[in-house]
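Okay, structure first, notes after.
The values are calculated or read from the model by the stated rules, or taken from the named source; none is laboratory data. If you're wondering where the values come from, they're calculated on a predicted model, not measured in any experiment. Backbone-built Cβ (ideal geometry, glycine too); neighbour counts: all protein chains shown. Protein only, heavy atoms only, side chains kept; ligands, DNA and RNA dropped before computing areas. Shrake-Rupley method; radii C 1.70, N 1.55, O 1.52, S 1.80 Å.
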Amino acid sequence: MKDITFTVPCYNSEDYMERCIDSLLSGDECVEIIIVDDGSTDGTGEIADNYARNYPEIVRVVHQENGGHGAGVNAGLALAEGRYFKVVDSDDWLDEGELKKLIRRIRQWEKNGTEVDLIICNYIYDHFYENKTKRMGYKNVLRENQVCGWDDIRHFRPSQYLVMHSLFFRTEVLRQSGVKLPKHTFYVDNIFANQPLPYVKTLCYLNLDMYHYFLGREDQSVNEKVLMQRIDQQIRVTKLVSGCSDLEKVREKHPKLADYLTRNISIMMAISSIHLLLIGTPEAWEKREMLWNYVKNHDRKLYQTLRFRTLSGFTFLPGKFGAGLTLAGYKTAQKFYKFN
């Protein structure tokens with residue numbers, strides 16, 4: 001069995017996918033790489049096929065009709081044969097040295113009979129064209145190199161949460177969770193990073209600067225203008241994440257995990273609310289109201305928590321004065337954390 005399956009969803013990625021795939025090949029035959037050509041109309045499919053011909057023991061290619069990022073992830077998970085599963089976006093890349101360290105650790109666990117359901121590593125916001133980076137780690141949340149459970153986690157900082165970039169799930173855990181991402185929808189990585197967590201029994205933080213998250217393309221989904229154009233998809237994913245786990249059942253076993261999941265929903269509510277305020281039209285204001293009412297009608301306890309006990313409540317302040325305070329806080333955080 002391979003140690004890690006990497007799935008690389010690609011859509012018209014010919015300009016940058018080679019940097020990504022070359023970084024994954026540093027894992028040699030300990031990894032498999034599934035390149036999903038999601039209906040590309042440029043040279044992506046040909047580049048993918050060349051990799052499969054040159055590295056037949058490592059690379060497999062799936063050509064499919066365009067279904068979006070989620071469809072690419074679903075296709076890779078369905079075929080994955082590795083012990084762990086990792087999604088790498090085609091414009092991102094991994095640190096080759098850190099990947100080799102991770103593989104050595106996985107081999108050590110296998111030798112010792114240690115089962116770890118979730119591996120957490122650092123990721124880097126890489127503002128490539130500005131030659132600036134920002135490292136996101138978890139030393140304050142988890143002790144390094146220690147296999148533990150959810151009861152052992154500590155507090156996350158306001159800007160800190162588990163994202164797809166930082167996570168290596170055991171493949172079997174993902175399949176047990178039943179996670180399946182919707183087609184033709186952006187921001188589905190939030191579902192992937194949340195729905196499987198209640199199925200995780202053991203986790204380990206490795207202080208490795210693994211994932212380089214590329215920022216700077218004008219068409220990137222996290223670009224503020226692009227996100228505003230796709231706000232309906234952001235709202236849809238926010239609703240899906242808010243209902244993907246029974247938080248009260250989770251709280252009975254792992255209260256710290258329930259608190260984390262609630263906090264992550266809060267972050268997503270804040271993102272949706274803020275960008276609706278940035279759009280600023282009467283229709284956008286109405287959508288913000290409808291989103292909060294959706295949560296209120298589906299889980300009143302969650303609504304009360306989000307509205308009055310988390311930061312997202314500050315994005316639903318009444319009136320134009322409240323909206324102004326929200327946007328001022330957002331702009332300040334944006335400058336400090338450089339998140340888009």
Residues being touching a strand residue (DSSP E or B) at 6+ places or on another chain (Cβ under 9 Å) and polar (S, T, N, Q) - total across the stretch 158-214: 7
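Out of all the residues in the stretch 118-132, is one or more assigned to a loop (DSSP other than H, G, I, E, B) and in contact (Cβ under 8 Å) with a residue 24 or more places away in the chain?
Pass one, the stretch 118-132, residues assigned to a loop (DSSP other than H, G, I, E, B): 131.
If we keep only those that are in contact (Cβ under 8 Å) with a residue 24 or more places away in the chain too, we end up with none.
Checked against the condition, which is being assigned to a loop (DSSP other than H, G, I, E, B) and in contact (Cβ under 8 Å) with a residue 24 or more places away in the chain, the stretch 118-132 yields no hits at all.
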List the residue pairs whose Cβ atoms are under 8 Å apart, where the first residue sits in the stretch 273-290 and is over 13 Å from Ala323 (Cα atoms), the second is open to solvent by less than 20 Å² (accessible area, probe 1.4 Å) and not aromatic (Phe, Trp, Tyr), and the two are 6 or more positions apart or on different chains. Lys287/Ile231; Lys287/Ile235; Lys287/Leu276
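Do you know which residues across the stretch 171-215 are outside any strand (DSSP E or B) and either at pLDDT below 95 or aromatic (Phe, Trp, Tyr) (or both)? Explain how you work it out, then say what you get.
Filtering the stretch 171-215 down to residues outside any strand (DSSP E or B) leaves 171-202.
Once the filter is applied, which keeps residues that are outside any strand (DSSP E or B) and either at pLDDT below 95 or aromatic (Phe, Trp, Tyr) (or both), the stretch 171-215 yields Phe186, Tyr187, Phe192, Tyr199.
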Might you let me know whether the stretch 128-149 holds any residue that is more than 18 Å from the chain's Cα centre (by Cα), over 27 Å from His254 (Cα atoms) and buried (at least 23 other Cβ atoms within 10 Å of the Cβ)? no
Can you list residue pairs whose Cβ atoms sit under 9 Å apart, with the first residue in the stretch 48-73 being within 21 Å of Asp3 (Cβ to Cβ) and the second being open to solvent by 20 Å² or more (accessible area, probe 1.4 Å) and part of a strand (DSSP E or B)? Count only pairs 6 or more apart in sequence or on different chains. Tyr51/Val61; Ala52/Arg60; Ala52/Val61
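Show me the strands (runs of 3 or more DSSP E) entirely contained within the stretch 19-107 in which 1 or more residues are closer than 21 Å to Ile191 by Cα. If you could, list the steps in order and put the result at the bottom.
Details: elements: 31-38, 59-64, 84-87.
Passing ranges, in order: 31-38, 84-87.
With the requirement that a residue be open to solvent by less than 10 Å² (accessible area, probe 1.4 Å) and polar (S, T, N, Q), what does the stretch 165-176 give you?
Once the filter is applied, which keeps residues that are open to solvent by less than 10 Å² (accessible area, probe 1.4 Å) and polar (S, T, N, Q), the stretch 165-176 yields Ser166, Thr171.
Please state which one of Ile4, Ile47 is aliphatic (A, V, I, L, M) and open to solvent by less than 20 Å² (accessible area, probe 1.4 Å). Lay out the reasoning, then the answer.
Numbers: Ile47 fails: open to solvent by less than 20 Å² (accessible area, probe 1.4 Å).
That would be Ile4, the only listed residue that is aliphatic (A, V, I, L, M) and open to solvent by less than 20 Å² (accessible area, probe 1.4 Å).
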